[in-house]
Structures are given as structure tokens and as C-alpha cells.
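Enquirer: Sharing a structure, written as C-alpha cells. Questions coming.
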Amino acid sequence: MKKIYILLFIFFVKNYANAQYTITSASNPTVGDIELVYNCDTTGIKPGPTGTGQVWNYTLLSFQTGTAATQTSSYLATSAAPCGSLVANANIAKTDDQGVSYSLMGYTNTGMTGYAYCNNSITIIFTNPQNLINYPFTYGMASSDTYSGTGAQGTVAVVLNGTVSVTADAAGSINLPPGKTFFNGIEILRLYA
């Protein structure tokens with residue numbers, strides 16, 4: 001079975017000023033929010049150890065494509081997604097850079113859940129949704145959830161099964177260029193198997 005590792009290194013979405021290392025529903029995106037991704041040269045950058053009191057020094061990061069974001073995702077009403085009407089529990093559709101792929105998510109006071117994915121050629125509805133994180137979530141916590149979904153790409157049936165594991169294994173501050181420091185962040189590791 002192929003494993004995909006995604007490191008969500010420091011979770012600072014709307015939560016960077018919080019004096020605790022805790023993710024709550026206050027970090028949930030809302031319709032109209034935009035997520036920007038920048039590709040960086042990570043030569044000489046190391047994630048560092050686990051534990052509290054970490055200081056991640058990423059002052060050597062340099063943008064690979066100047067200062068422009070390389071990917072922009074938008075948070076939209078579920079009705080904007082082609083499969084939005086197929087999932088009753090989703091309350092946000094996250095679109096990719098080109099606006100052709102959509103992840104239908106449920107953001108609530110108790111956590112974040114993935115319900116569906118669709119684009120122009122494929123639709124997958126999770127019959128057992130992906131429970132991605134439960135709130136509150138803080139350093140030292142871990143969760144694991146099995147998920148399954150079915151769909152079609154044209155006339156070909158698609159079955160998707162797996163486990164998503166989430167661990168908050170470090171807490172501290174991050175130093176970024178040019179001299180910007182964010183305090184009270186946590187390192188989150190998300191593993192799909």
C-alpha cells in the first residue's frame with residue numbers, strides 16, 4: 001500500500017496570536033477566505049526535534065518564484081462546487097488554484113471532516129468521511145480515522161479506502177525571513193495510508 005506523508009508544519013491560520021498551542025474552531029476557514037502557498041528553497045532547513053519549546057529557524061528560506069504565491073485556494077459556498085448538492089454535511093468547498101477541483105469539507109465547533117472531492121472528470125463521495133482533526137487539538141495529541149469513498153471517473157468506478165493519522169508532536173516558535181517571528185505554533189504531521 002502506498003503511503004503519502006503530508007507535513008503541515010506550523011499551524012498559524014487565524015491562531016498565531018493565541019497564547020496556547022491549541023487549535024480550536026476559531027481557526028476554521030469561512031467563505032471568502034484565501035489560502036496562499038509559496039514554493040521555497042529548503043536547502044539547509046531541518047524540521048527539528050519533537051517536544052515543546054522548539055524554535056524553528058527558517059530565516060534561510062528563499063522563494064523559488066520570486067515573491068508571488070505559487071498556488072491559491074479559495075474557500076467557497078458548497079453550492080459553487082459541481083458536487084456540492086450531493087453532500088448535506090459539508091459547509092465549505094475548497095477549490096484549487098485553477099478553480100476546477102473541489103474538496104467539500106465540514107468545519108464545525110468539534111472538528112474538520114472531509115466529505116467529498118470532485119472536478120470535471122471525477123466525483124468521490126466519502127461514505128465513511130475523513131475525520132481530519134477533532135477540536136480542541138494541542139501538542140501531544142493524536143488521532144486516527146478510517147475513511148472510505150466511492151465514485152466514478154467517466155464510466156470507471158473509483159473506490160478509495162484508507163486511514164488518516166494526525167499527530168501534534170512539537171510546539172514552539174518559527175523564525176521566517178525577513179526577521180518575522182510567529183510564537184505559539186504547533187507542528188502537525190498528517191499521514192494517509
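The values are calculated or read from the model by the stated rules, or taken from the named source; none is laboratory data. Treat the numbers as computed from the prediction; the structure is a model and nothing was measured. A quick note on method: Cβ atoms are made from the backbone with ideal geometry, for glycine too, and the neighbour counts reach across all protein chains shown. Please note that ligands, DNA and RNA were not included when accessible areas were found on the heavy atoms of the full protein model with its side chains. Shrake-Rupley method; radii C 1.70, N 1.55, O 1.52, S 1.80 Å.
Enquirer: So how far apart, in nm, are the two label points at Tyr192 and Val156 if each is 7 Å from Cα heading toward Cβ?
Expert: About 1.7 nm, to one decimal.
Enquirer: Follow-up. For region 135-193, what does the relative contact order come out to in percent, with C-alpha contacts under 8 Å and a separation of six or more? Walk me through the numbers on the way to the answer.
Expert: On the way: 101 pairs, mean separation 19.4, N = 59.
Rounded, it is 33 percent for region 135-193.
Enquirer: Of Gly51, Ile122, Gln98, which is farthest on the positive side of the dipole of the chain, counting Cα position, with +1 on Lys and Arg Cβ, -1 on Asp and Glu Cβ, and the Cα centre as origin?
Expert: The residue sitting most towards the positive pole is Gly51.
Enquirer: Put a dot 7 Å past each Cα toward the Cβ at Ala77 and Thr163; how far apart are the dots in nm?
Expert: Using points 7 Å along Cα→Cβ, the separation is 4.0 nm.
Enquirer: Another question, then. Counting only residues 5 or more places away or on other chains, whose amide H sits under 5 Å from the amide H of Val158 once H atoms are built in the peptide plane?
Expert: Result for Val158 returns Gly151, Ala152, Gln153.
Enquirer: How do 151-158, 77-84, 35-42, 51-58 rank on mean C-beta neighbours within 10 Å, highest first?
Expert: 77-84, 51-58, 35-42, 151-158
Enquirer: Shifting gears a bit: With each pseudo-label sitting 7 Å past Cα toward Cβ, what's the Phe183-Asn109 distance in nm, one decimal?
Expert: 3.0 nm
Enquirer: How large is the dipole of the chain about the Cα centre if only Lys and Arg carry +1 and Asp and Glu carry -1, each at its Cβ, rounded to the nearest 20 debye?
Expert: 160 debye
Enquirer: Moving to a separate point now. Using 0.36 nm per residue, how much length does the chain from Leu36 to Phe63 gain when fully extended, once their Cα-Cα distance is taken away?
Expert: 8.4 nm
Enquirer: Also, I was wondering about something else. Taking Cα pairs under 8 Å and at least six residues apart, what relative contact order does the chain come out at, in percent?
Expert: The normalised contact order for the chain reaches 26 percent.
Enquirer: For P(r) over Cα pairs in 10 Å bins from 0, in percent, pick the label among (i) 8, 27, 31, 24, 9, 1; (ii) 8, 34, 34, 19, 4, 0; (iii) 9, 30, 37, 20, 4, 0 that corresponds to the value derived from the coordinates.
Expert: (iii)
Enquirer: Tell me, what is the per residue accessible area of region 53-151 in Å², probe radius 1.4 Å?
Expert: On a per-residue basis, 49 Å².
Enquirer: Sticking with this one: State, as an integer percentage, the relative contact order of region 92-193 based on alpha-carbon contacts under 8 Å between residues 6 or more apart.
Expert: 18 percent
Enquirer: Run the accessible area of the chain with a 1.4 Å probe and give the carbon-and-sulfur part as a rounded percent. All intermediate terms of the calculation are to be shown ahead of the outcome.
Expert: Details: 5800 of 10450 Å².
Roughly 55 percent, rounded to a whole number.
Enquirer: Further question: Would you give the gap between the C-alpha center of region 32-46 and the C-alpha center of region 102-132, rounded to a whole Å?
Expert: A separation of 24 Å, based on Cα centres.
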